[in-house]
Amino acid sequence: MRNSSYVSACLLAMSLFAAGCSRTEEDARIERLLSQMTLQEKIGQMNQLSVAGLTPDMEAAVRNGAAGSILNEVNPEIINEYQRIAMEESRLGIPLLVARDIIHGFRTVFPIPLGMASTFDPELVRYGARLTAQEATASGIRWTFSPMVDVSRDARWGRIAESSGEDTYLNAVMGASMVRGYQGDCSDSTSLAACVKHFVGYGASESGRDYNSTYIPPRALRNVYLPPFEAAVKAGAMTLMTSFNDNDGVPGTGNAFLLKDVLRDEWGFDGFVVTDWASAAEMIQHGFARDGKDAASIALNSGVDMDMMSHVFTAHLEELVASGAVKEKDIDNAVRNILRIKSRLGLFDNPYVDVDRAAEVQYNDSIMDAAYRTALESAILLRNEGVLPVDISRVRRILVTGPMADAPHDQMGTWTFDGQKECTVTPLVAIREMYGDDVEVIYEPGLTYSREFSQRGIAAAVAAARKADVILAFMGEEAILSGEAHCLADITLKGDQRKMIAALAATGKPLVLTVMAGRPLVLDEESRVADAILFSFHPGTMGGPAIADLLFGKAVPSGKLPATFPAASGQVPCYYSHNNTGRPFRGTETMLYDIPREASQTSLGNTSYMLDCGFYPLYPFGYGLSYTEFGYSAPVLDRQEYSPDDVIRVTFTLTNTGRYAATEVAQLYVRDLVGSSARPVKELKGFRRISLAPGESGEYTFELPVQDLAFYGLDMTRKVEPGDFHLWVAGDSVSGEPVSFSVVAD
Ligand code: BGC
């Protein structure tokens, strides 16, 4: 689980052979082509166009070599026709690179990336991405704009759905896994080029409002936001996308320091960089470029290779080369980078897709099973007052209610252009299929969609609840409430959902909430009134069967939170890996309504907390219950003192002390007590899924290279600073007792 282990086989294979041809042959082919290309043809390769079907304009663009890549076409026959035009009718016969946003599945939709992260199962995520690549490439798509590894600490931001959440390490591990899955071993036509995005800091948009500016200082950029990108690049990501935000005034598409010094010089990236949609031209709105020409020059000179839908390269690069503002050798380099990836994907040898392949792989048993398993592992049990799992032998009537009980489109979540809702199985359908013959399944939705206000609907659901032995309420967010440009100021349940939950609870019947959403939500009231809460980030095509199996005990929840669930919307951004402040909360301070009317300000403790919601979130990062209980021994270290090149061996015993066979995600956290710059109170450094039978226990070891404790300190060089550390092994980010160790200088 080390980042370094993600310097994958793929990277090795890619560096030695490219789709059957050696690096030297590949270089020779590229140089040969480059020498034949006109400046216009070179600029054409650097242009990406969105297409919708075969149109005369687009056919002409491809024929004239004015597009190196197209996005948004998914019909294999149309894709083949575009490739034929490129290969047979364009002067140099250069294939197109066909792209699509395949963010969490193509046809078969997996849980949203935030849900995939909550599995803490990088191997399953890699496997899912591999099958997704098989589905997508069977339609002729060879490039996806995924993984998104933007560390996201603000649940108001709609795009938190697309990330692996708030943690640097978890984003790094999951991002690298997705890259390895999409690209495979790069040896055949199922290799789907990954695009790690959005470079960089996009998840830190001020106030969680999309596209907003970010203000990430250099040290936080290095320690928090860049490592997941580095891990994805080291895993072999073939492409990288710039971000929309300006960080401290510099838009991602115009940041030469990041795109050249960091990405190319430090990390050795040899793929290509694409802008985000129109982000080159948007540098004009940012007030960073005077006009389209200036934008083209800034983007190119900052290290962008391909322009997605701004048209500023095609409109201005020729003129910029003529005036000397842009050097043709830099254009040559960009084209080399693009052609290298086309060659690596084998497109020069065969850009076509066998149109019959799609039917074999799309929605086949393997991928549906992987989608089911991912949904199963991603659901997080937040609360259970003894009502779950539901014992089917003890109920006669089940009420299934709520706007998400039978919402096939909504349970797929954001960015699901290609998943068909007809193939999605909802909880209602799954429960009816499983138990419809044995018990009475009453379905009364109450609210038909998550933003609905309906007293009548609630009354009907309550009347049905009175007749039932257990209420299974499926609440949450429609797909449209998260994703790009879908941000919220208030992250409580919308519409009349809270009223409906309160009314259902008032019936006194056992109330089990399943919440399906695109982001962490504030579930304070729900946690007070519901007997159980199972949370599932939009779980995708197979969400229904997975959730039903968990509710009825055919499987046991094992997901853990990849992001903190705040106690109030006003608490965000809140995340476990914060610095301590000089006045940390002591847990005993006076809260709003305890303050005597006549109190003076100085009597309240003067520590870092909110009068109306304290300091702690509702559910911390890494948290998630099971139907069983797990006991951790204190971790034992193999030594007390380590040198910077050592590996720390941490051994612990985990025991399943409950009644169910289940899986626990054991988590390793570290705190560097004193640094040249202050260090976070905890940082995740490893995790491991462990399955145990009831009563079973096992001894496990984490191996933590001391180098993984390195960070950018006061002098902005990355190193391990000698000193004292605390270390925890626990089932979440707040449990366990620390053990100590020291790092001494060599
Ligand atoms: C998004 C990207 C996406 C691109 C192409 C943009 O609006 O920010 O994440 O890949 O569109 O669809």
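The values are calculated or read from the model by the stated rules, or taken from the named source; none is laboratory data. Keep in mind it's a predicted model, so treat the numbers as computed, not measured. Glycine also receives a Cβ, built like all others from the backbone with ideal geometry; neighbour counts cover every protein chain displayed. The area values use the complete protein model at the heavy-atom level, side chains included, leaving out ligands, DNA and RNA. Shrake-Rupley method; radii C 1.70, N 1.55, O 1.52, S 1.80 Å.
With the cut-off at 23 Å, tell me which of the pairs Lys509/Lys560; Lys234/Lys719; Lys467/Lys554 have Cα atoms farther apart than that. Before the final figure, lay out each step's value.
On the way: Lys509/Lys560 28 Å; Lys234/Lys719 19 Å; Lys467/Lys554 25 Å.
Cα-Cα > 23 Å for Lys509/Lys560; Lys467/Lys554; rest within.
With r as the distance between the Cβ atoms of Ala256 and Gln40 and R0 = 30 Å, compute the FRET efficiency 1/(1 + (r/R0)^6) and round to 0.05.
Plugging the Cβ-Cβ distance into 1/(1 + (r/R0)^6) gives 0.75.
To the nearest 20 debye, what is the magnitude of the charge dipole of the stretch 539-648 about its Cα centre, counting +1 on the Cβ of each Lys and Arg and -1 on the Cβ of each Asp and Glu?
280 debye
Quick one: what are the phi-derived ³J(HN,Hα) couplings along the stretch 31-41, Karplus 6.51/-1.76/1.60 with θ = phi - 60°, whole Hz, x for glycine and proline?
For the stretch 31-41, the Karplus curve yields 5, 4, 5, 4, 5, 8, 7, 6, 4, 4, 5 Hz.
Using just the alpha carbons, could you tell me how many Å³ per residue the convex hull of the chain encloses?
Taking the convex hull of the Cα positions in the chain, it is 170 Å³ per residue.
Straight-line reach from Lys42: which lysines have Cα under 16 Å away, leaving out those fewer than 8 places along the same chain?
List returned: Lys327, Lys329, Lys342.
Which of the aspartates and glutamates could a cross-linker span from Lys499 if the Cα-Cα distance has to be under 15 Å and same-chain partners fewer than 8 positions apart are dropped?
Counting by Cα, and skipping residues close in sequence, Lys499 has these aspartates and glutamates nearby: Glu452, Asp524, Glu525, Glu526.
What's the FRET efficiency of Gln285 with Ala60 using the Cβ-Cβ distance as r and R₀ = 41 Å, to the nearest 0.05?
After rounding, the FRET efficiency stands at 0.85.
Just how far, in whole angstrom, is the stretch 128-200 from the stretch 403-482 if you go by their alpha carbon centroids?
Their Cα centres are 29 Å away from one another.
Spin-label point model (7 Å from Cα, Cβ direction): what's the Asp438 to Val674 distance in nm?
Distance between the two pseudo-spin positions: 6.2 nm.
Tell me the GluC sites (Glu not before Pro) within the stretch 335-399 that lie in a loop according to DSSP and have at most 15 other beta-carbon atoms within 10 Å.
Those that pass, being in a loop and sparsely packed, are Glu385.
If contacts are Cα pairs under 8 angstrom and at least 6 residues apart, what is the relative contact order of the chain in percent?
Contact order relative to length: 13 percent.
For a quick protection proxy, order the peptides 391-403, 517-529 by their average other-Cβ count within 10 Å, most packed first.
517-529, 391-403
Might you report the magnitude of the Cβ-based charge dipole of the stretch 4-357 about its Cα centre, with Lys and Arg at +1 and Asp and Glu at -1, to the nearest 20 debye?
Computed about the Cα centre, the dipole is about 440 debye.
Enumerate by residue number the chymotrypsin sites (Phe, Trp or Tyr not before Pro) in the stretch 555-594 meeting two conditions: DSSP loop (anything except H, G, I, E, B), and at most 16 other Cβ atoms within 10 Å of the site's Cβ.
Phe585
What is the gain in length, in nm to one decimal, between Glu81 and Glu589 on full extension, counting 0.36 nm per residue of separation less the C-alpha to C-alpha distance?
176.0 nm
Scale the Cα Rg of the stretch 375-551 by the rule-of-thumb value 2.2 N^0.38 Å and send over the ratio, two decimals. Working shown, then result.
Numbers: Rg = 14.8 Å, N = 177, 2.2 N^0.38 = 15.7 Å.
Ratio of Rg to 2.2 N^0.38 Å for the stretch 375-551: 0.94.
Farthest toward the dipole's positive end in the chain, which of His538, Thr137, Val636, given Cβ charges of +1 (Lys, Arg) and -1 (Asp, Glu) about the Cα centre?
Val636
Each label point is 7 Å from the Cα along the Cα-to-Cβ direction; what then is the distance between the points at Ser393 and Asp349, in nm?
5.9 nm
For the stretch 127-236, what relative contact order do you get, as a whole percent, if you take Cα pairs closer than 8 Å and at least 6 residues apart?
35 percent
Ignoring ligands, DNA and RNA, what percent of the accessible area of the chain is carbon or sulfur (1.4 Å)? Could the numbers behind the result be given before it?
On the way: 13350 of 26950 Å².
Carbon plus sulfur share of accessible area: 50 percent.
Return the whole-Å distance between the Cα centroid of the stretch 330-396 and the Cα centroid of the stretch 608-629.
Taking the Cα centre of the stretch 608-629 as reference, the centre of the stretch 330-396 is 31 Å away.
Calculate the length of the line joining the C-alpha centroid of the stretch 650-728 to that of the stretch 46-112, in whole Å.
45 Å
Whole-Hz Karplus ³J(HN,Hα) for the stretch 77-86, in order, using 6.51 cos²θ - 1.76 cosθ + 1.60 and θ = phi - 60°, x for Gly and Pro?
In residue order, the calculated couplings are 5, 5, 4, 4, 5, 4, 5, 4, 4, 4 Hz.
Show me 731-743, 89-101 ranked by packing, highest mean number of other Cβ atoms within 10 Å first.
89-101, 731-743
So between Glu737 and Arg451, what do we pick up on full extension, going 0.36 nm a residue minus the alpha carbon distance?
Length gained, Glu737 through Arg451: 98.7 nm.
Hey, with R₀ at 56 Å, roughly what FRET efficiency would Tyr215 and Asp469 work out to, going by the Cβ-Cβ distance, to 0.05?
0.55
Please list, by residue number, everything in the stretch 660-682 whose backbone N is under 14 Å from a paramagnetic label point 7 Å out along Cα→Cβ of Leu714.
Label zone hits: 674-679.
Output the peptides 252-259, 60-67 sorted from most to least packed, where packing is the average of other Cβ atoms within 10 Å over each peptide's residues.
The packing order, highest mean first, is 252-259, 60-67.
Add +1 for every Lys or Arg and -1 for every Asp or Glu among the other residues with Cβ under 11 Å from the Cβ of Met178, and state the total.
Residues close to Met178 contribute a combined charge of +3.
Find how much the distance from Ser608 to Gln640 grows on full extension, using 0.36 nm per residue of separation minus their present alpha carbon separation; answer in nm with one decimal.
8.2 nm
Provide the per-residue ³J(HN,Hα) series for the stretch 301-311, in order, calculated from phi with Karplus coefficients 6.51, -1.76, 1.60 and θ = phi - 60°, each as a whole number of Hz, with x at glycine and proline positions.
These are the phi-based 3J(HN,Hα) values: 6, 8, x, 7, 9, 9, 9, 8, 6, 9, 6 Hz.
Pick out, in residue order, every one of the GluC sites (Glu not before Pro) in the stretch 692-729 that is DSSP loop and has at most 16 other C-beta atoms within 10 Å; say none if there are none.
Sparse-neighbourhood loop GluC sites (Glu not before Pro): Glu696.
Using Cα pairs closer than 8 Å and at least 6 residues apart in sequence, work out the relative contact order for the stretch 630-743, in percent.
Across the stretch 630-743, relative contact order equals 34 percent.
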